[in-house]
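J.: First, the structure itself, so that you have it in front of you.
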Amino acid sequence: MKLILLVLTVTLPLVQVTKVKKCWGKLGTCRVMCKEGEVFYILCNVEAKCCVDPKYVPVDTKPSNSTGSQR
């Protein structure tokens with residue numbers, strides 16, 4: 001009986017998963033730091049960013065021509 005209690009005491013904290021807050025139409029995840037390859041455009045709250053894969057963001061992230069002329 002003590003062995004079962006010991007096993008449960010060790011394994012139950014490992015099984016618990018923190019709930020992940022979704023953003024950007026459920027395509028993004030609120031995190032303090034975004035993973036490599038992810039970008040953020042909005043904030044989830046004061047300390048978290050909405051990290052999204054760039055393929056889901058309809059904003060053109062390429063640098064624009066600052067002079068306005070096309071070459």
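The values are calculated or read from the model by the stated rules, or taken from the named source; none is laboratory data. Since the structure is predicted, the reported quantities are computational estimates derived from the model, not experimental observations. No Cβ is skipped: glycine too gets one built from the backbone with ideal geometry, and neighbour counts run over all protein chains shown.
Okay, residues lined up against (1) outside any helix (DSSP H, G or I); (2) at pLDDT 80 or above:
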| position | (1), (2) |
| --- | --- |
| 9 | no, yes |
| 19 | yes, no |
| 33 | yes, yes |
| 37 | yes, yes |
| 51 | yes, yes |
| 60 | yes, no |
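J.: I want to confirm something. Restricting to segment 23-38 and keeping residues that are within 7 Å of residue 51 (Cβ to Cβ) and not acidic (Asp, Glu), which single residue is surrounded by the fewest Cβ atoms within 10 Å (Cβ to Cβ)?
T.: Per the criteria, the residue is 35.
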